[in-house]
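**Student:** Starting off with a structure, shown below.
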Amino acid sequence: MTTALRHRAGTNHKHNERQRQKKLLFGFGIGVVAILGLMLMFNGGSNAVPDFSATTITGETVHLSDYRGQVVMLNFWATWCPPCRAEMPTIEAAYEKYHDQGFAVFAINNAEQPAQIQPFAEALSLRFSIVLDTEAHLQRTFAISGYPTSLFISPDSDLYANHSGMLTPQQLDSYITTGLANIRPDPET
């Protein structure tokens, strides 16, 4: 190899390395911006969850603010997602166990139509709220990028846990009991 070719190969390697470093820094910068955006979205890092209203698969309109004072799980999922399907019986069992204690579930579907969702919900005998997000508005609001993702909201409407991936029964139980421990008794009862 001639000296000129070696010099050119060395220059190309340095150029490629600089390009790789730029891409890494760009990716890191995007991640930082996303985190800062989430912090601003949740009121400057106070973890307050923005209120929203949505329609369930049964046609009911639900408002997150109506559940203040309860522990709310927002579960972002899709029918095409195997881990989502696998964790649904765990969520249903937890809902049955804890809903009388102040636990609510909004299973927010990722941009699918009721005709896709209904057979899925019926096959698994799901009784918690299946929320339609046909335009993926809530997915964007909460910056959801993977499925399943579950957010846990305290009785004071603060985000206290965020879980990406399939939940085990033990993990779900821990998240729920942590939230339920913060429910204040109604002073009028």
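The values are calculated or read from the model by the stated rules, or taken from the named source; none is laboratory data. Computed from a prediction, not measured in an experiment: that's the story for all the values here. Virtual Cβ from ideal backbone geometry, glycine too; neighbours counted across all protein chains shown. Side chains included, ligands, DNA and RNA excluded: accessible areas come from the protein's heavy atoms. Shrake-Rupley method; radii C 1.70, N 1.55, O 1.52, S 1.80 Å.
**Student:** Determine the shape class of region 54-138: with a ≥ b ≥ c the square roots of the Cα gyration tensor eigenvalues, call it rounded for a/c under 1.5, and otherwise prolate if a/b is greater than b/c, oblate otherwise.
**Tutor:** It is oblate, given that a/c is not under 1.5 and a/b is not larger than b/c.
**Student:** Counting only the heavy atoms of the protein chains, how much of Asp66 is accessible to a 1.4 Å probe, in Å² to the nearest 10?
**Tutor:** Rounded to the nearest 10, that gives 100 Å².
**Student:** Only four residue types carry charge here, +1 at the Cβ of Lys and Arg and -1 at the Cβ of Asp and Glu. Report the dipole size of region 94-175 about the Cα centre in Debye, rounded to the nearest 20.
**Tutor:** Once rounded to the nearest 20, the dipole reads 120 debye.
**Student:** Looking at the square roots a ≥ b ≥ c of the eigenvalues of the Cα gyration tensor of region 81-189, which shape do they give, rounded for a/c under 1.5, prolate if a/b is larger than b/c, or oblate?
**Tutor:** Prolate, since a/c reaches 1.5 and a/b exceeds b/c.
**Student:** In terms of the Cα gyration tensor, with a ≥ b ≥ c the square roots of its eigenvalues, is region 73-113 rounded because a/c is under 1.5, prolate because a/b exceeds b/c, or oblate?
**Tutor:** It comes out oblate by the Cα gyration axes.
**Student:** Moving on. What size of dipole, in debye to the nearest 20, comes out for region 50-189 about its Cα centre when the only charges are +1 on Lys and Arg C-beta atoms and -1 on Asp and Glu C-beta atoms?
**Tutor:** Value, rounded to 20: 300 debye.
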